[in-house]
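The values are calculated or read from the model by the stated rules, or taken from the named source; none is laboratory data. Small disclaimer: the values here were computed from a predicted structure and weren't measured. So basically every Cβ, Gly included, is an ideal-geometry build from the backbone, and we count neighbours across all protein chains shown.
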């Protein structure tokens, strides 16, 4: 009897371009074995991240190959021994789950989906509650990254004088980090009884999230320095006396697009400038990606664009606990679990919703 997964696997091999990915893995592994590979840490980390992203596809496909062959044997044995039906059913369920995971990864096919992600959180309306909310969200993404074995580095953080943060930018590196996180761009709204209100009134506060791909220096993104206004200022918040006494912080304004990025996390102005330009390159790469998507996707003609400045998710702590995505309708009843980093359901539902809109 032929396994029902043979055709599915064959199609998956084509969809994922298995042969090309296998060849790329061999090339990267050859580079990694060469002398001096780790001399350039940034390029080495980019190569390692690419290798992980490629293996995230090829490894389950290899597993599926062997499992499909084993299932064919089980099906033949089941014809002779009906008592094996439960074992066959269990194996089919496992393979079905593996296929669904591969199907989800097939949605991560954008030009930068395999890249790291630069995620910025800004407190918006809501006063001190919004600053506190922004810090809660920062922790949420850090928890998610930790649970999924992503590496995180802090690029910028501006603490509020009373509580929480004004803004923060982190870089999340790992397999498909940008592909999973790019749907988080937009306004996140929190409704709760304010811990900063002595009268115990309900407060609505907002935080804005912006996600851009971490782009390699090899990617051709031209930035004319004449188009960039650079401002330096004294860093605020934690960091030691040195950063507070020198103009080490850097803010870049890209005049043609109005993009503003800033970095104050390092004591060196030179390092902050380099990080700020990296953030600017990431934002410009995302703009180019959005232009390509707009040309291909009919949804941009049919409905309002979902992006920075649009309310995408509501988090309720009062009168009841729940979190609901305004785009996909996906909801979770455990508010605290979501804030502890359990957001994978929201990320995956956005990927499926996005495909359904095309």
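Structure above, values below:
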quantity: Exclusive hit being within 25 Å of residue 89 (Cβ to Cβ) and assigned to a helix (DSSP H, G or I), set 54, 61; calculated: 61
quantity: In the range 309-328, residue nearest to residue 186 (Cα to Cα) [restricted to those that are in contact with a helix residue (DSSP H, G or I) (Cβ under 9 Å, 6 or more places away or on another chain) and in a strand (DSSP E or B)]; calculated: 312
quantity: Selection status of residue 83, touching a residue at least 60 places away in the same chain (Cβ under 8 Å), exposed (fewer than 13 other Cβ atoms within 10 Å of the Cβ) and not assigned by TED's automatic domain parsing to the domain that holds residue 278; calculated: no
quantity: The listed residue being over 20 Å from residue 110 (Cβ atoms), at pLDDT 95 or above and either in the same structural domain as residue 265 (by TED's automatic domain parsing) or not in a strand (DSSP E or B) (or both), out of 149, 156, 161, 132; calculated: 132
quantity: Flag if residue 100 is more than 18 Å from the chain's Cα centre (by Cα), without any contact (Cβ under 8 Å) to a residue 24 or more places away in the chain and either surrounded by 15 or more Cβ atoms within 10 Å (Cβ to Cβ) or in a helix (DSSP H, G or I) (or both); calculated: yes
quantity: Residue under evaluation residue 357, criteria (1) surrounded by fewer than 16 Cβ atoms within 10 Å (Cβ to Cβ); (2) modelled with pLDDT of 90 or more; (3) touching a helix residue (DSSP H, G or I) at 6+ places or on another chain (Cβ under 7 Å), criterion not met; calculated: (2)
quantity: Matching residues, the range 318-327, being buried (at least 17 other Cβ atoms within 10 Å of the Cβ) and at pLDDT below 95; calculated: 327
quantity: Options 346, 350, 335; residue that is within 25 Å of residue 146 (Cβ to Cβ), more than 18 Å from the chain's Cα centre (by Cα) and surrounded by 14 or more Cβ atoms within 10 Å (Cβ to Cβ); calculated: 335
quantity: Qualifying residues in the range 16-35 (those that are closer than 19 Å to residue 99 by Cβ and surrounded by 14 or more Cβ atoms within 10 Å (Cβ to Cβ)) - the one modelled with the highest pLDDT; calculated: 21
quantity: Residue 71 surrounded by 15 or more Cβ atoms within 10 Å (Cβ to Cβ), at pLDDT 75 or above and over 23 Å from the mean Cα position of the chain (by Cα); calculated: yes
quantity: Selection count where residues are assigned to a helix (DSSP H, G or I) and farther than 16 Å from residue 227 by Cα, scope the range 256-281; calculated: 6
quantity: Verdict on residue 252 being crowded, with 19+ Cβ neighbours inside 10 Å and at pLDDT 90 or above; calculated: yes
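Per-residue answers, yes or no, for (1) assigned to a strand (DSSP E or B); (2) over 25 Å from residue 310 (Cβ atoms):
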{"residue": "171", "(1), (2)": "yes, no"}
{"residue": "175", "(1), (2)": "no, yes"}
{"residue": "180", "(1), (2)": "no, no"}
{"residue": "189", "(1), (2)": "yes, no"}
{"residue": "192", "(1), (2)": "yes, no"}
{"residue": "197", "(1), (2)": "no, yes"}
{"residue": "212", "(1), (2)": "yes, no"}
{"residue": "229", "(1), (2)": "yes, yes"}
